[in-house]
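What follows draws every value from the coordinates through simple rules; no lab data is involved. Remember, predicted model here, so these are calculated numbers, not experimental data. Quick reminder, even Gly has a Cβ in these numbers, built from the backbone with ideal geometry, and neighbours come from all protein chains shown.
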Amino acid sequence: MKKILLINPVYQISAMKNANPLALPPLGLLILANNTPDHYQVEIIDEAYQPVDTDAQVDLVGITCVSHVASRAYRFAAEFRQRGVPVVMGGVHVSFMREEALQYADAVVIGEADDLWQRVLEDFEQGKLQQVYEAGSHPDISRMKPLQRHYLTGKYFVDTVQTTRGCPHNCHFCAVPAFNGCRYRFRDLDPVLEEIQSIRNKRIFFVDDNLFGYTESSRRRAGQLCEQLIPLKKEWAAQATIDIAHHEELLKTAYRGGGRFFMVGLESISAGALGSMNKRVNLRYLNTRDYYRESIKKLHDNGIAIVGSFIFGQDDDDPDAIKRTVDFIREAEIDAVQLCIQTPVPGTALYRQLTDEGRLRLTNYPADWDAYNMFTLTYEPAQLSEDELYLQLFGAYKELSSFYPSLKRGLKTLRKTRSGFSTGISFFWNHGIYKTLKAVPELKKWTSQV
């Protein structure tokens with residue numbers, strides 16, 4: 001029986017062991033494993049929990065990667081190929097950087113691999129592996145079978161489930177529309193629920209880019225899902241846009257069905273910055289900061305906590321932008337935060353714009369891909385100096401996410417939601433990212449000053 005090794009590389013810094021509660025099972029590799037014929041033995045290695053043994057006796061290696069782990073993924077590929085083991089690479093980064101990836105892999109898969117994987121394996125068996133596999137259209141996921149999870153050996157805090165793919169918005173910093181398409185594709189609810197029932201973990205994270213969608217029909221479908229989750233007694237988190245707060249019946253149904261934590265891309269409290277990001281779904285309602293504050297209160301009133309994601313370094317951001325945002329986070333009592341530096345990754349309008357303007361400062365690829373990690377400045381900002389951006393960002397993390405502030409905010413989350421699940425995400429999200437950033441050697445020049 002031939003053996004296939006599927007690898008999920010992880011950013012390697014000493015604090016990653018402290019961030020394991022934030023690690024998500026590699027759903028894309030799990031889909032490949034479930035689409036592999038039974039005459040293969042399949043093993044998934046997720047570096048969040050297991051080391052990669054490049055001396056392992058395997059017949060074929062598959063590696064997925066996003067941009068900030070691309071150079072690490074290429075190193076693994078080179079070591080396996082040096083031993084004569086063929087390597088197939090895929091994922092978001094590879095899909096937009098195929099020529100680069102082909103320098104390190106025998107074959108690349110462009111786009112979603114669901115319908116391509118068996119073709120890859122058939123060609124591999126016949127010794128006719130092609131260099132590029134690219135589907136002409138996105139796969140139909142409506143009847144995607146429930147995923148068997150015995151391939152995953154990590155002790156994940158949550159299990160991941162996907163019910164939709166695609167996003168109709170074109171935010172300049174996001175590669176989802178280019179990779180998954182601008183149209184929502186839905187899985188039928190029956191296999192989704194069957195999959196959730198099979199998961200032993202009580203905690204679920206829905207990886208859909210927006211579980212609730214933007215139309216009446218998508219929200220109705222989400223409501224049906226939430227209703228059918230009620231008897232399963234799971235607790236779950238999901239990604240959503242801030243306008244979900246104003247669909248109160250759906251919020252109440254979500255809570256009854258186990259919804260406890262939403263990750264919401266607030267991105268900025270500045271209309272100018274939101275406009276430059278093309279974040280129209282937020283701009284539609286953001287007349288004042290009160291809209292955000294009132295929306296967050298509605299989520300809390302319904303027992304649901306929030307991870308608020310913010311992006312800094314926009315051309316509209318002045319030196320006080322981060323301080324104003326920190327003040328708002330405190331006022332609104334956001335449970336957990338993700339404070340990022342704008343990152344131009346391949347496949348996004350932002351990457352194309354900054355490339356065309358000659359503003360990218362780290363272009364020694366693939367080594368410099370390590371810096372495209374949401375917390376490193378990779379381009380020339382318009383109004384902020386490097387020192388201003390780093391010192392304010394890491395000062396904000398210290399103020400909001402060092403141990404005692406994280407503990408205090410976690411206890412507030414517990415009072416609001418009465419949920420250990422929400423409280424755990426609140427604390428580990430805040431403090432885990434803070435500890436991780438403190439351990440990045442390239443950032444110590446600034447993290448040591450705050």
Unpartnered cysteines - no second Cys beta carbon under 4.7 Å - across the chain: C65, C167, C182, C226, C340
Can you give me the distance in nm between label points at L189 and D123, each placed 7 Å from the Cα along the Cα-to-Cβ direction? 4.0
Nearest-5 percent of antiparallel DSSP beta bridges in the stretch 1-112? 0
With x for Gly and Pro, the residue-by-residue ³J(HN,Hα) of the stretch 32-46, computed from phi through the Karplus equation 6.51 cos²θ - 1.76 cosθ + 1.60 at θ = phi - 60° and given in whole Hz, is 4, 4, 6, 9, 8, x, 5, 7, 10, 9, 10, 10, 9, 10, 9
For M277, M97, M1, what ranking results if the residue with the fewest other Cβ atoms within 10 Å of its Cβ goes first? M1, M97, M277
Selected from H138, L266, F421, residue furthest toward positive end of dipole (the chain; charges at beta carbon): F421
Filtered trypsin sites (Lys or Arg not before Pro), the stretch 209-313: DSSP coil and at most 11 other beta carbons within 10 Å: K233
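If you restrict to DSSP beta bridges whose two residues both lie in the chain, what percentage is antiparallel, to the nearest 5?
Of all bridge pairs located within the chain, approximately 5 percent are antiparallel.
Would you work out the relative contact order for the chain, in percent, from Cα pairs under 8 angstrom that are 6 or more residues apart? Don't jump to the answer; show the numbers that get you there.
Details: 824 pairs, mean separation 63.2, N = 450.
Across the chain, relative contact order equals 14 percent.
Would you mind classifying the chain by shape? Square roots of the alpha carbon gyration tensor eigenvalues, ordered a ≥ b ≥ c; an a/c under 1.5 is rounded, otherwise it is prolate if a/b is larger than b/c and oblate if not.
Values: a/c = 1.62, a/b = 1.23, b/c = 1.32.
Because a/c hits 1.5 or more and a/b fails to exceed b/c, the chain counts as oblate.
What's the magnitude of the charge dipole for the stretch 195-318 around its Cα centre, counting Lys and Arg as +1 and Asp and Glu as -1 at the beta-carbon? Answer in Debye, nearest 20.
On the way: 18 positive and 17 negative charges, 149 e Å.
With Lys and Arg at +1 and Asp and Glu at -1, about 720 debye.
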Counting other beta carbons within 10 Å of each Cβ, put H68, H93, H172 in order, fewest first. H172, H68, H93
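Give, rounded to the nearest 20 debye, the magnitude of the charge dipole that the stretch 159-447 has about its Cα centre when Lys and Arg contribute +1 at Cβ and Asp and Glu contribute -1 at Cβ. Don't skip to the answer; put the middle values down first.
Details: 39 positive and 36 negative charges, 243 e Å.
The calculation lands at about 1160 debye.
Label the stretch 1-125 by shape, choosing from rounded, prolate and oblate, from the square roots a ≥ b ≥ c of the eigenvalues of the Cα gyration tensor; if a/c is under 1.5 it is rounded, and otherwise prolate applies when a/b is larger than b/c, oblate when it is not. Mind showing how you got there, number by number?
On the way: a/c = 1.42, a/b = 1.31, b/c = 1.09.
In terms of gyration-tensor shape, rounded.
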Using a 10 Å cut-off around each Cβ, can you sort L266, L274 from fewest to most neighbouring Cβ atoms? L274, L266
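Can you give the FRET efficiency for E248 and H150, using 1/(1 + (r/R0)^6), R0 = 30 Å, r = Cβ-Cβ distance, to the nearest 0.05?
Details: r = 40 Å, r/R0 = 1.33.
Using R0 = 30 Å, I get an efficiency of 0.15.
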Amide H partners (placed H, <5 Å) of F205, local residues excluded: D159, T160, V161, A237
Amide H partners (placed H, <5 Å) of M89, local residues excluded: I63, A107, V108, V109
Need one word for the stretch 184-310: rounded, prolate or oblate. Basis is the Cα gyration tensor (sqrt eigenvalues a ≥ b ≥ c); a/c below 1.5 gives rounded, then a/b vs b/c decides. prolate
Semi-axes, largest first, in whole Å: what does sqrt of 5 times each Cα gyration tensor eigenvalue give for the stretch 153-237? 24, 17, 10
What 222 nm value per residue comes from the helices of the chain, counting each DSSP H run with n ≥ 4 as -39,500 (n - 2.57) and dividing by all residues, nearest 500 deg cm²/dmol? -11500 deg cm²/dmol
